[in-house]
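Each remark here refers to the structure printed beneath this line.
The values are calculated or read from the model by the stated rules, or taken from the named source; none is laboratory data. Just so it is clear, the model here is predicted, and its values are computed rather than measured. Using ideal geometry, Cβ is built from the backbone for each residue, glycine included, and neighbour counts are taken over all protein chains shown. For the accessible areas, the whole protein counts, side chains as well, though only heavy atoms, and no ligand, DNA or RNA atoms are used. Shrake-Rupley method; radii C 1.70, N 1.55, O 1.52, S 1.80 Å.
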Amino acid sequence: MRSDIVKKGIDRVAHRALLKALGLTDEDIDKPFIGIANAYNTVVPGHMSLDRITEFVKIGVASAGGVPFEFGVIGICDGIAMGHKGMSYALPSRELIADSIEAMVEAHQFDGLVVVGSCDKIIPGMLMAILRLNIPAIAVTGGPMIPEKVNNQYVSIKDAFEAAGLFKAKKIDEKELKLYEDFCAPYCGSCQGLFTANTMQILTEVMGLSLPYTSTSPCGSSRKLRIAKEAGRRIVELVRERIKPLDIITERSFENAITMDMIIGGSTNTVLHIPAIAKEAGIRIDLDLFDEISRKTPHLVALDPASRDMIIHLDESGGVPMIIKKAKELFHNEMTVSGKRLYEIAEEAVVRGRDIIRDPTNPISREGGIAILRGNIAEKGAVIKTATVDKDMMVFKGEARVFDSEQEALKSILDGEIQEGDVVIIRYMGPKAAGMPEMLLPTAAIAGMGLKRVALITDGRFSGATRGPAIGHVSPEALSGGNIALIEDGDVILINIPERRLDAKISNEELKERREKWKPKEIKHRGYLAKYSKLVKGADKGATMI
C-alpha cells in the first residue's frame, strides 16, 4: 500500500507512535489509509451539512476495513462574496483548494481520497486535485437546497438578488422584499437552481467521479447519507482494486460532461472549470469544443434560471441517469467509480414524479445551452448562456455604456440611468485585473428593474443564476490589452448569437488609433491576489496558474 512508506519498518517507529496518538491500534495500521477532504464550514449554506455527510463517509470507510483521516478545505460562499472585494477571491480559491489537498495527501501518503464539497469553486478545485494526485478517489457532493415558495411559486437565491431591483422599480413593497429575504435560501445545500454549484455536481457524476444520484439527491436527505456511506465503502474497494481516476477519466469523459452541460443549459463557469480539470489529466480542452458540441446537442431540460423548476425536480425525473437514458446516443459509455458504465446505470433509472426531461426528438431548442462568441471585442472568445436568452435578443444591436467597475455599473442601473437598447460593458474584471468576479448583482438589477432589451458584456464572469443576454469571459481581458479596453460610450455593439459573433462597429483604423492612446488601468494587489494576478492565464485557458 502507498501508506506503507509512513507506517512500515523499524525507521517508522516515531511515525507509528504519532498515528497511535490519534487512537489507531496495531490492527488499524495495517489497513488502507483514506484521506477525506471535507469542505465543511459554518459560512456556506451548501457546506453546513458536510460534517454529517462526512461522518457517514467515515462509517463507510471503517465498515469496509479502511481507516478514515479527515482534514479541512476552505470554501467561499459566492453569494455572500458577491458585489464587493470578496468576490475577487472566489475563482482564485479554486487553486488554493487543489494545492492544499495535494499537500495533505502527499505529505501523509494516503492510499485513497474522498472529497466532500458542494459549491462553486470547491468542487472544481477538488476534481483538479483528484486528477493531479491520481490515487484511488471518489467525490461526494452535498446536494441541492430544497426550495420554498413565495407568491405560490418556487423561488431560489436568484430571486433574492433580483428583489432589490424589483423594490427599486416599486414593483414590490418592503413586506414582499422581506419574504424573498426569508424564503429564498431556506435550507442547507447548494442554491436550488442550475447555478454553478449544482452544474458542477451534475458534471462530476456524468464524468464518473461520483456515485449515481449523488449530484441531485437533496442536502439533508437520508438518501444523501446512504450514498455517502456507500462512497466510503467503495473507496476502500477502489484502493484494493488499484483503480485510479486516470483509469476512469478519458477525453470522452470530458466530452460527456460538456454534452450534459449543453443538454441542461448549465452555468457558463464550466467553460473555465472543465479545461482546468482536464489539464490535470493531461488533456487539452479548447473553447471550440464547447461550441462544436453545443451545435449538435439539443437543450432538453429547463431549470431555474431558465424556468421555475429546480434541481429537486430533475431528481424526481430520474436525475443524471434518466438524461443519459433518454439521450443515450449523445454520450460515450464510459466507466465510473461505481464499477458500472454509464449505460448500465442509465438502464436502471426511473421517474418518481413529474418528468421535466424532454425527449431529443422534442427539444427546447436544437442547440445546447451555452455558446462561444468571437469578434473584434473578443478575439479569443467570450461565453453566453443561451438557455436563458429570449428569442428576440438572440440578435441585438445597442449602444455601449462603459464602466470600469461593477459598483459604478450597479449604481447606474439602480439609479435608472440604463435604458432599453443599451449594452452595459463592465471591464477590468478579468483574472489578472480582479480575480474574475461574478457579475450577478448587475444582471439581477437589470432583471429586477424590468429592462428586457439590455445586454451586459464583461471580461469578468457570471453566476449560474444569471439570466438574459449576459456575455462574459471576454478574452483577452482589458488589463491585457484586449479590445474591450478600447470601447467607448456610444459605440454600436453587435451581438449575433446564432452566428457566434460579438463585435463593436469600429474600423480597424479607429481601433489602432485608440490603442496608441490607451494606457492600462493601474491596479495594485496585495497578498494572494498579487501572486494570482502575476501567474494566472486568460479565461480562454481556464484561468489556471500553471
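Details
- Diffusion constant of the chain at 10 °C, which comes from Stokes-Einstein with the Kirkwood Cα-pair radius and 1.306 mPa s, µm²/s: 67 µm²/s
- Of the listed residues Arg500, Arg52, the order by accessible area with a 1.4 Å probe, largest first, is Arg52, Arg500.
- Solution diffusion estimate, µm²/s, Stokes-Einstein, the stretch 383-462, Kirkwood Rh from C-alpha pairs, 10 °C, viscosity 1.306 mPa s: 124 µm²/s
- Taken along its principal axes, the alpha carbon cloud of the stretch 370-541 reaches lengths of 42, 36, 30 Å, longest axis first.
- Averaging the sequence gap over all C-alpha pairs within less than 8 Å and six or more residues apart, then dividing by the number of residues, gives the stretch 281-400 a relative contact order of 34 percent.
- Between the stretch 1-30 and the stretch 171-186, the alpha-carbon center distance in angstrom: 55 Å
- To the nearest ten degrees, helix 157-168 and the longest principal axis of the Cα atoms of the chain are 30 degrees apart.
- Quarter the surface of the alpha carbon convex hull of the stretch 97-217 and you get the mean projected area, 8.7 square nanometres.
- Reachable aspartates and glutamates from Lys171, criterion Cα separation under 12 angstrom, eight or more residues apart if same chain: Glu162
- Mean separation of Cα contacts under 8 Å (6+ apart) over length of the chain, as relative contact order %: 15 percent
- Listed by chain and number, the lysines whose alpha-carbon sits under 17 Å from that of Lys58, ignoring those within fewer than 8 places in the same chain, are Lys31, Lys224, Lys229.
- Taking 7 Å steps out from each Cα toward its Cβ at Arg223 and Ala14 produces label points 5.1 nm apart.
- Residue order for Val43, Val271 - accessible surface, 1.4 angstrom probe, largest first: Val43, Val271
- Counted charge near Phe56, where neighbours are those whose Cβ lies closer than 10 Å (Asp, Glu -1; Lys, Arg +1): +3
- Within the chain, percent of DSSP bridges classed antiparallel, to nearest 5: 40 percent
- Filter on Lys411/Lys519; Lys325/Lys385; Lys326/Lys452; Lys178/Lys385; Lys121/Lys541 - keep pairs with C-alpha separation over 28 Å: Lys326/Lys452; Lys178/Lys385
- For the stretch 370-541, the share of accessible area belonging to carbon and sulfur comes to 48 percent (1.4 Å probe, ligands and nucleic acids excluded).
- The GluC sites (Glu not before Pro) of the stretch 316-424 that meet both conditions, a loop assignment by DSSP and at most 14 other Cβ atoms within 10 Å of the site Cβ, are Glu348, Glu417, Glu420.
- Candidates per trypsin sites (Lys or Arg not before Pro) in the stretch 249-344, loop by DSSP, up to 14 other Cβ within 10 Å: Arg284
- Whole-angstrom gap from the stretch 413-489 to the stretch 136-170, using each part's C-alpha centre: 22 Å
- The mean sequence separation of alpha-carbon pairs under 8 Å and at least six residues apart, normalised by the residue count of the stretch 370-541, gives a relative contact order of 30 percent.
- Of His299, His15, the order by accessible heavy-atom surface (1.4 Å probe, DNA, RNA and ligands excluded), from most exposed downward, is His15, His299.
- Using just its DSSP H runs of length 4 or more, each adding -39500 (n - 2.57), the chain gives a mean residue ellipticity at 222 nm of -11500 deg cm²/dmol after division by all residues.
- Area of Cys188 that stays accessible when all protein chains are in place (1.4 Å probe, Å², to 10): 20 Å²
- Under the Karplus curve 6.51 cos²θ - 1.76 cosθ + 1.60, θ = phi - 60°, whole-Hz ³J(HN,Hα) for the stretch 131-145, x wherever Gly or Pro sits: 6, 5, 6, 6, 10, x, 8, 8, 9, 10, 9, x, x, x, 6
- Solvent-accessible area per residue, Å², over the stretch 404-546 with all protein chains present [probe radius 1.4 Å]: 41 Å²
- Here the stretch 73-115 is scanned for amide nitrogen atoms under 20 Å from the site 7 Å beyond the Cα of Arg2 along Cα-to-Cβ, giving 73-74, 95-115.
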